[in-house]
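Readers should treat all values here as calculations from the given coordinates under stated rules, not as data from a laboratory. Just so we're clear, the structure is a prediction, and the values are computed from it rather than from any experiment. Counting neighbours? That spans all protein chains shown, and the Cβs are built from the backbone with ideal geometry, glycine included.
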Amino acid sequence: MAYYLGLDIGGTYLKAGLVDEAGTILRQMKAPTKGQVRSAGEIVAEAKRLLDELRKDTPGEIASLGVGSPGVVAHGRRIVRAYNLPFDDVDIASMFEKIICLPTAVGNDANVAALAESRYGAGKGKKSVLLVTLGTGVGGGLIIDDSIYAGFNGTGLEIGHLVLVAGGVPCSCGRNGCIESYISATALIRQTIEAGERDPGSKLGRLVRSGANITGRTAFKLAEDKDPAALKVVQKYIGYVGIALANYINAYLPEILLIGGGISHAGPAFIDAAAKIALDEAFVFPEVGYPKITAAALGNDAGIVGAALIGKENCLSR
Ligand SMILES: [Zn+2]
């Protein structure tokens, strides 16, 4: 039985895992990236330490390494740009192949997570799967017939950077009014704080004034207590998510649309409410079936499992 290594490079942690043929993580390790390492070389060296540890006592042959990274990844080998990480057009696959002597492939972290969800998670058995992750930003990946669709040069898709509100809130990408600026966890926190400041007498307002840590869950929690200011934030946020999902359905019409990232844990009621708006607005017809909209299943494991998968598949087909 062959085994595969998966490495998930994140802005906060490096996570590495040993994955079997069935997509199960047998062992995993992590190390912080923030503040500890500064150059691409140092990150690769730290990753090698984790991978060497995982390779010890593996009961069979390790066939490949797959790497998931944020940012722009080209041709399964190069990280062209990774924003919060020091990768500036680095051929990271060659770097790893030299020091760990395994065939290596690299993919965008959101794309590989979508692949993992489509093989082993909530998208299993579906012909087309769109994963939308609501985290610090909005990312995701589109899987068609078991393969990642990433555009003509492999650097897509950027589903967080479609405009939702023309001339709206400035986005990290340089445009205004992107979906990411309205439905990411960062955006929800901003909306929560602004609502608290507008309505200082509400529970939400008092919480914001107290200097408490406001998260993507704060408004959802206070809305359960029927705080009107929090309810308004949640309703407006769900509305934005619903419209964004309707746009994705109109553009891609996937068989299943999966919601991942921290906010997806706000509960099934959140996803159902956003799904209802999406299906009301989208160009869909009951006679031919609606796309299913549900929570992603693999959580943080999707990064390691998806990375291992692209390593396995890209390297075997070479
Ligand atoms: Zn943008």
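Find how many whole Å separate the alpha carbon centroid of the stretch 288-318 from the alpha carbon centroid of the stretch 19-81.
Spelled out, the Cα-based centre of one part sits 17 Å from the other.
For Gly261, what residues show an amide H to amide H distance below 5 Å, using hydrogens built from the backbone and excluding near sequence neighbours?
Leu134
Excluding residues on the same chain fewer than 8 positions from Lys232, give the aspartates and glutamates whose Cα lies under 13 Å from its Cα.
Straight-distance partners of Lys232: Glu194, Asp199, Glu224.
Please state, rounded to one decimal and in Å, the Kirkwood hydrodynamic radius that the chain gives when every pair of distinct Cα atoms enters the mean of 1/r. Display every interim value, and only then the final one.
On the way: mean 1/r = 0.0491 Å⁻¹.
So the Kirkwood estimate lands at 20.4 Å.
Please give the helix 185-198 orientation as an angle from the longest Cα principal axis of the chain, in degrees from 0 to 90, rounded to the nearest 10.
Computed tilt is about 20 degrees.
Helix 109-120 versus the longest principal axis of the chain: what angle, 0 to 90°, nearest 10, using Cα atoms?
Tilt relative to the chain: about 80 degrees.
Starting from one equal scatterer on each C-alpha and no solvent at all, send me the Debye-based log10 I(q)/I(0) for the stretch 147-288 at q = 0.11, 0.14, 0.19 Å⁻¹, two decimals.
Once normalised to I(0) and log-transformed, intensities are -0.46, -0.72, -1.17.
If r is the Cβ-Cβ distance from Lys124 to Val169 and R0 is 51 Å, what FRET efficiency results, to the nearest 0.05? Write down the numbers at each step before the final one.
Details: r = 36 Å, r/R0 = 0.71.
It comes out at approximately 0.90.
Figure the gain on full extension for Lys276 and Lys221 (residue separation times 0.36 nm, minus the Cα-Cα span) and round it to one decimal in nm. Write out the running numbers ahead of the final one.
Details: separation 55, 0.36 × 55 = 19.80 nm, distance 2.13 nm.
Value of the extension gain: 17.7 nm.
Among all the aspartates and glutamates, which ones have a C-alpha under 19 Å from Lys276's C-alpha, if same-chain residues fewer than 8 places away are not counted?
Glu255, Glu287
Which one of Tyr237, Asn213, Ala223 has its Cα pushed farthest toward the positive end of the charge dipole of the stretch 205-292, where Lys and Arg give +1 and Asp and Glu give -1 at the Cβ?
Asn213
Please report how far the C-alpha centroid of the stretch 240-283 lies from that of the stretch 1-15, rounded to the nearest whole angstrom.
Each part reduced to its Cα centre gives a spacing of 29 Å.
Tell me, in nm to one decimal, what length is gained between Arg81 and His265 on full extension, where the rule is 0.36 nm per residue of separation less the Cα-Cα distance?
Numbers: separation 184, 0.36 × 184 = 66.24 nm, distance 2.98 nm.
Gain in length upon complete extension: 63.3 nm.
What spacing in nm lies between the two simple spin-label points modelled at Arg38 and Leu26, each 7 Å away from Cα in the Cβ direction?
Taking the simple label geometry, Arg38 and Leu26 are separated by 3.9 nm.
Nearest 10 degrees is fine. How inclined is helix 268-281 to the longest principal axis of the chain, computing both from alpha carbons?
80
So which lysines pass the test for Lys34, namely a Cα distance under 26 Å, with those fewer than 8 places away in the same chain ruled out?
Correct list for Lys34: Lys15, Lys48, Lys98.
Could you state the number of Å between the C-alpha centres of the stretch 173-212 and the stretch 88-162?
Distance between centres, Cα-based: 30 Å.
What does the extension gain come out to for Ser317 and Asp91, with contour length at 0.36 nm per residue minus their alpha carbon separation? If you can, show how the numbers build up before the last one.
Numbers: separation 226, 0.36 × 226 = 81.36 nm, distance 1.95 nm.
Extra length from Ser317 to Asp91 when fully extended: 79.4 nm.
Relative to the Cα centre, what is the charge dipole magnitude of the stretch 239-318, using +1 at the beta carbon of each Lys and Arg, -1 at the beta carbon of each Asp and Glu, and rounding to the nearest 20 debye?
Values: 4 positive and 7 negative charges, 57 e Å.
Roughly 280 debye for the stretch 239-318.
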